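Below is one structure, written out as structure tokens; the observations come after it.
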Amino acid sequence: MRHIAPVIAVLAVLFLATPNNASAATSRRCLFSFPTEVDGRSFQDSALPNRRPTAAQLEALRIQAQRRFWTVFRRLCTAGRVPPIVLRPFRRLLLQHAAGADNTVFTADDGEAGDDTLVFQYVFDEGGDTVRLSAPDEADIRDGLICWFAYDRHQSMCEQRLP
């Protein structure tokens, strides 16, 4: 009998230290991704001719935006704020310059991009003598995803984001 108590104590500690199976399953469902592409034309057309972004700048932007997007999505997904099924129909993320917009916008209804494309539009700094491409910050991406997925539940915040 003396040997059973320590075994039960160890099992209890292991049980309590093991992540909840439901949350672990949710985390696994959130671990997917698809390629990100840059619509270079949208950036070229929006910049003044002497300040067009280079191919290297666009590639660096693609990598940075892809990393931030998936980091934010996985946080929202794991927290249950955006279910993974929302992104399952898509096969690519298309990064575009959102001329005239003030904030990051996501849309799935871009006729040219195709039904399997989630369009990620954002505003970059066009001022000054040089083009500075940097992906939106994580808060802007988070708010953009939430407004795209659940506008009705976050209407006040989403309306403040409109131009």
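The values are calculated or read from the model by the stated rules, or taken from the named source; none is laboratory data. As the structure is a prediction and not an experimental result, all values here were calculated from the model. No Cβ is skipped: glycine too gets one built from the backbone with ideal geometry, and neighbour counts run over all protein chains shown.
Here are some notes:
- Number of the exception - residue 92 against (1) surrounded by fewer than 16 Cβ atoms within 10 Å (Cβ to Cβ); (2) out of contact with any Phe, Trp or Tyr (no Cβ under 9 Å at 6 or more places or on another chain); (3) at pLDDT 85 or above: (2)
- Residues that are touching a Pro at 6+ places or on another chain (Cβ under 9 Å) and at pLDDT below 85, drawn from the stretch 133-148: 133
- Check on residue 66, within 18 Å of residue 99 (Cα to Cα) and modelled with pLDDT of 50 or more: no
- The stretch 33-52 residues that are among the aliphatic types (A, V, I, L, M), paired with ones that are at pLDDT 85 or above (beta carbon under 9 Å, 6 or more apart): 38/58; 38/59; 38/61; 38/62; 38/65; 38/94; 38/95; 38/96
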